[in-house]
Amino acid sequence: MVAHDNTVMNATITNATPSADDESTLSESTPIGTDPQRDIMSDVVPDVTPEEVPGVTIASTPATATVPAEEMKPSQSVTYRPMRWNDLDDIVREFDRTWGQCSAAAGTPVSMQISRHFVLHYLEPTTRAIIAELDGRFMGVTLSRVAGEPLAFPQAKQELAAINGELNRSTLGAKTLSETEQWHEMELRMEREIDINDVARGEIELFLVAKSARGHGVGGSLWRQAMDYFANCQVARFYLHTDSSCDVSFYDHKGLNCIAARYAADHPEDGADMDDIFIYAGTPENTR
């Protein structure tokens with residue numbers, strides 16, 4: 001989800017993990033979309049009619065959710081819609097702003113490449129993606145996966161292979177990619193050790209909220225829409241990865257339980273900059 005060892009970012013769900021404040025702005029009754037399918041690269045909550053993307057079948061998603069005007073600053077409204085493939089660059093830029101400094105490639109062109117790798121890595125298995133916008137500006141995104149549901153962006157796999165090829169063309173890129181893939185494998189090992197995928201059909205792949213979105217209720221709204229999606233797909237349990245570089249108190253506040261932990265102090269071989277890594281799990285109806 002999101003932490004790393006100064007060269008790698010564990011990105012599952014934490015970006016600027018929304019704090020409890022992010023929920024206060026949005027009323028629980030705020031309308032949200034909850035249908036599954038849409039464009040190939042979806043990272044968001046459904047909210048528009050299905051669109052055609054060259055070579056891709058778009059999953060349909062519900063209508064746009066607009067934050068009540070009285071809960072927003074004058075002349076500002078946050079809208080939520082299914083992700084489109086051309087949203088990819090905005091997500092990558094925000095990902096890099098949020099976690100790029102955690103990579104050994106920080107401040108170099110490789111940083112944006114590895115951020116693209118991360119976003120595509122989480123997008124590849126995504127079955128629903130929702131984007132939050134404020135006056136047309138990117139404010140956040142959630143990438144969710146439900147086992148057995150159609151992929152939102154099938155082309156993500158090919159794009160991921162392409163960016164990995166670019167990374168491997170430079171010494172720094174190859175080193176950073178290798179460390180990143182070790183991070184991904186570490187997460188998979190943690191999943192296997194607790195057999196989480198045998199009991200949880202849903203996963204939050206990426207939960208990213210822009211710093212400029214704080215105080216607009218974006219985090220809370222994106223979260224509730226993801227929970228509605230899981231509930232509509234009859235997901236009894238879901239999980240996510242996160243780490244100590246994030247505000248894990250958000251998940252505690254939401255009622256999730258930490259079911260697996262890997263403490264850096266117990267693994268000096270990972271390096272001094274490694275964060276503690278966690279898997280949190282919960283049920284959609286109890287974590288809104």
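Would you please name the residue that is nearest to N286 (Cα to Cα), looking only at residues in the stretch 215-265 that are of a type in the set (D, E, K, R) and part of a strand (DSSP E or B)?
In the first step, residues of the stretch 215-265 are kept if they are of a type in the set (D, E, K, R); the result is 224, 228, 237, 243, 247, 252, 254, 262.
The next check asks that each one be part of a strand (DSSP E or B); those that pass are 243, 262.
Details: D243: 22, R262: 25 Å.
Filtering the stretch 215-265 for residues that are of a type in the set (D, E, K, R) and part of a strand (DSSP E or B), the one nearest to N286 (Cα to Cα) comes out as D243.
Being in a helix (DSSP H, G or I) and open to solvent by less than 90 Å² (accessible area, probe 1.4 Å) is the filter here; which residues of the stretch 199-212 pass it? Full working, then the answer.
As a first pass, look at the stretch 199-212 and keep what is in a helix (DSSP H, G or I): 199, 211-212.
Residues satisfying the conditions are V199, S212.
Those residues that are modelled with pLDDT of 90 or more and either open to solvent by 20 Å² or more (accessible area, probe 1.4 Å) or in a loop (DSSP other than H, G, I, E, B) (or both), I need them from the stretch 277-288; list them, please.
Once the filter is applied, which keeps residues that are modelled with pLDDT of 90 or more and either open to solvent by 20 Å² or more (accessible area, probe 1.4 Å) or in a loop (DSSP other than H, G, I, E, B) (or both), the stretch 277-288 yields F278, T283, E285.
When you scan the stretch 164-180, do you find a residue that is open to solvent by less than 10 Å² (accessible area, probe 1.4 Å), within 21 Å of S111 (Cα to Cα) and of a type in the set (V, I, T), even just one? Don't jump to the end; show me each part of the working.
Quick first cut of the stretch 164-180, residues open to solvent by less than 10 Å² (accessible area, probe 1.4 Å) only: 167, 173, 176-177, 180.
Next, only the ones that are within 21 Å of S111 (Cα to Cα) stay: 167, 173, 176-177, 180.
Adding the requirement that they be of a type in the set (V, I, T) leaves 176, 180.
Yes, because at least one residue in the stretch 164-180 is open to solvent by less than 10 Å² (accessible area, probe 1.4 Å), within 21 Å of S111 (Cα to Cα) and of a type in the set (V, I, T).
Mind checking which pairs have a first residue in the stretch 238-252 that is aromatic (F, W, Y) and modelled with pLDDT of 90 or more and a second that is open to solvent by 60 Å² or more (accessible area, probe 1.4 Å) and part of a loop (DSSP other than H, G, I, E, B), Cβ under 9 Å, 6 or more apart or different chains?
Every condition considered, the pairs that remain are F238/R201.
Starting from residues that are more than 28 Å from R169 (Cα to Cα) and either surrounded by fewer than 24 Cβ atoms within 10 Å (Cβ to Cβ) or aromatic (F, W, Y) (or both), keep the ones in the stretch 111-137 and report whichever is nearest to the chain's Cα centre (by Cα). Give the steps one after another, and end with the answer.
Keep residues of the stretch 111-137 that are more than 28 Å from R169 (Cα to Cα), which gives 127-137.
Now drop any that are not either surrounded by fewer than 24 Cβ atoms within 10 Å (Cβ to Cβ) or aromatic (F, W, Y) (or both), which leaves 133-137.
Working: E133: 16, L134: 18, D135: 22, G136: 20, R137: 18 Å.
In this case the residue turns out to be E133.
Pick out the one residue from T108, T98, T61 that is among the β-branched types (V, I, T) and modelled with pLDDT under 50.
Details: T108 fails: modelled with pLDDT under 50; T98 fails: modelled with pLDDT under 50.
Step by step, each of T108, T98, T61 is checked, and only T61 is among the β-branched types (V, I, T) and modelled with pLDDT under 50.
Condition first: within 18 Å of the chain's Cα centre (by Cα) and open to solvent by less than 50 Å² (accessible area, probe 1.4 Å). Can you find one or more residues in the stretch 190-198 that meet it?
yes
Give the stretch 213-257 a look and list any residue that's on the phi > 0 side of the Ramachandran plot and open to solvent by 10 Å² or more (accessible area, probe 1.4 Å), or say none. So that I can check it myself, show each step before the final result.
Step one: list which residues in the stretch 213-257 are on the phi > 0 side of the Ramachandran plot, which gives 215, 217, 234, 255.
G215, Q234, G255, listed by residue number.
Restricting attention to the stretch 138-153, which residues are open to solvent by less than 10 Å² (accessible area, probe 1.4 Å) and assigned to a loop (DSSP other than H, G, I, E, B)? Explain how you work it out, then say what you get.
Initially, the stretch 138-153 is screened for residues open to solvent by less than 10 Å² (accessible area, probe 1.4 Å), giving 139-144, 146, 152-153.
Across the stretch 138-153, the qualifying residues are A152, F153.
Only one of (1) crowded, with 22+ Cβ neighbours inside 10 Å; (2) touching a Gly at 6+ places or on another chain (Cβ under 8 Å); (3) closer than 30 Å to V199 by Cβ is not met by A105, so which one is it?
Answer for A105: the failing condition is (3).
The values are calculated or read from the model by the stated rules, or taken from the named source; none is laboratory data. All of these numbers come straight from a predicted model, not from anything done at the bench. Counting neighbours? That spans all protein chains shown, and the Cβs are built from the backbone with ideal geometry, glycine included. Side chains are part of the model used for accessible areas, which takes the heavy atoms of the whole protein and leaves out ligands, DNA and RNA. Shrake-Rupley method; radii C 1.70, N 1.55, O 1.52, S 1.80 Å.
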